[in-house]
Amino acid sequence: MTEASILFFRACLALLAMPVYLLSLLGMWEPFCKKVFFPFFLENFSTIYERKTKKQKQELFRNLPDFASPSGELKLLEIGTGCGTNFQFYPPGCKVTCTDINPNFQQGLERSMNKNQHIHYERFLVTAGEDLHQVPSGSVDAVICTLVLCSVHNVNNTLKEALRVLRPGGAFYFLEHVAADHSSWTYFWQQVCYPTWKLVFDGCCLTREIWKNLEQASFSELNLQHISVALPWMPIQPHIMGYAVK
Ligand SMILES: C[S@@+](CC[C@H](N)C(=O)[O-])C[C@H]1O[C@@H](n2cnc3c(N)ncnc32)[C@H](O)[C@@H]1O
C-alpha cells in the first residue's frame, strides 16, 4: 500500500476513464455530467441504495417529530435534495424546503413528490448548502443532509449555514459515506479511485473524515454512529449517521 502503488493504480483508472478526462479538458464533461449523466445515475443508484439503507433511514428519522415547534408544526430544510429519496421518511404534514445546487433532477424529484403526498412542499431553492441566504436565521426545525457533505465545496461552511437556519433546539440529520480506516484495503482503493471518482461523480470525495467536522461544529449535542452499508465493490464505505442538536 505504498504511495507508488496508489499512483500506479490511479493512472490505470485514469486510462480507463480517458474519454471522461478528454471531455473534461474540452469543458464538455461537467455540463453533461450535471444535466444528463448524474441525474440518470442518481435515480438508478438511489433504487439500490434505498434497499440497502431503508432500515437505517427509518431508524435515523424516527425521532424527527420530536423536533416539531411548540405549535406542532415541523419545518424541514433539505440540503442537496437530489431526487427526493428521503421524502418517504418524513412525518405526515411536515413542511419541506428543498435545496440543491443542481436544478436538473426535476424528473426524479417529481416522481418522488407524486409518491409522497403526505408532506407539504413549500419551495425549491437552487443554491449551495454553503449559502442559504434566502432562508432566514432560526427559521427551521430540522435540516436534512444525506450523501451531500462528500460533495460540497466546504463542509464547515455548510454546517455553519445549517446551524444558522436552525432554531435553537433544532436538529441537523446526516447520513454520509466517509473515509475508511487508514490501515484498510478500502482506504487504499478510496485513495486510488479519488480523482477519477470525483470527476465522474460530480465532485464526490471519497476520503473525507466528516465526523471530525461535525465534532468541531458548534452543536450542543452530537449523536453519531459509525455504520456499514452493504455495498460490495463500492468505495463508499463506511458511513456515519445521526443527528446533532443546535
Ligand atoms: C449523491 S446526491 C444525494 C442526493 C440525496 N440527498 C440522496 O440522499 O439521495 C448529492 C446531492 O448533493 C447535491 N450537492 C452537491 N454539492 C452541493 C452543494 N454545495 N450544495 C447543495 N447541494 C449540493 C448534488 O447536486 C446532489 O443532488
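Counting other Cβ atoms within 10 Å of each Cβ, which trypsin sites (Lys or Arg not before Pro) in region 1-67 have at most 11 and sit in a DSSP loop?
Listed in order of number, the matching sites are 62.
Applying the Karplus parametrisation 6.51 cos²θ - 1.76 cosθ + 1.60 with θ = phi - 60° to the phi angles of region 87-98, what ³J(HN,Hα) value in whole Hz is obtained for each residue in order, glycine and proline being reported as x?
Listing the rounded values in order: 3, 4, 8, 7, x, x, x, 6, 9, 10, 9, 9 Hz.
Using DSSP to call loops (not H, G, I, E or B), can you name the GluC sites (Glu not before Pro) in region 71-161 whose Cβ has at most 12 other Cβ atoms within 10 angstrom?
Within region 71-161, the qualifying GluC sites (Glu not before Pro) (loop, at most 12 other Cβ atoms within 10 Å) are 73.
Of 214, 127, 16, which is farthest on the positive side of the dipole of region 3-245, counting Cα position, with +1 on Lys and Arg Cβ, -1 on Asp and Glu Cβ, and the Cα centre as origin?
Checking the options against the dipole of region 3-245, the answer is 16.
Let me know the charge dipole size of region 3-245 about its Cα centre in debye, to the nearest 20, where only the beta-carbon of Lys, Arg (+1) and Asp, Glu (-1) is charged.
That gives region 3-245 a dipole magnitude of about 400 debye.
Just want the ordering: 193, 12, from fewest to most Cβ atoms lying within 10 Å of their own Cβ.
12, 193
Mind checking which aspartates and glutamates have their C-alpha under 16 Å from residue 55, skipping anything on the same chain fewer than 8 residues away?
Result set, ordered by chain and number: 176.
What is the fewest-to-most order of 18, 241, 28, 234 by other Cβ atoms lying within 10 Å of their Cβ?
Fewest-to-most Cβ neighbours within 10 Å comes out as 18, 28, 234, 241.
Checking the cross-link filter: which aspartates and glutamates have an alpha carbon closer than 20 Å to that of residue 95, excluding same-chain neighbours under 8 positions apart?
In chain and number order, the partners are 66, 73, 78, 110, 122, 141, 161.
Which value, in nm² and rounded to one decimal, describes the direction-averaged projected area of the C-alpha convex hull of the chain?
If you wrap the Cα atoms of the chain in a convex hull and average its projections, you get 13.2 nm².
Using unit Cβ charges (K, R positive; D, E negative) and no other charged atoms, how large, in debye to the nearest 20, is the dipole of region 113-203 about its Cα centre?
Approximately 140 debye in magnitude.
For residue 8 and residue 62 in the same chain, what is the full-extension length gain: residue separation times 0.36 nm, less their Cα-Cα distance, in nm?
Extra length from residue 8 to residue 62 when fully extended: 14.9 nm.
For an R0 of 35 angstrom, estimate the FRET efficiency from the Cβ-Cβ distance between residue 221 and residue 16 and round to the nearest 0.05.
0.20
Exposure proxy check: 141, 181 ranked by fewest other beta carbons within 10 Å?
Listing 141, 181 from fewest to most nearby Cβ atoms yields 181, 141.
Average projected area of the Cα convex hull of region 99-138, in nm²?
Mean orientational projected area (region 99-138, Cα hull): 3.5 nm².
Every read-out reported here was derived from the displayed coordinates using simple, explicitly stated rules and does not represent laboratory data. What you see is a predicted model, and the numbers here were worked out from it, not measured in a lab. Cβ sites come from the backbone with ideal geometry, for glycine too, and all protein chains shown count toward neighbours.
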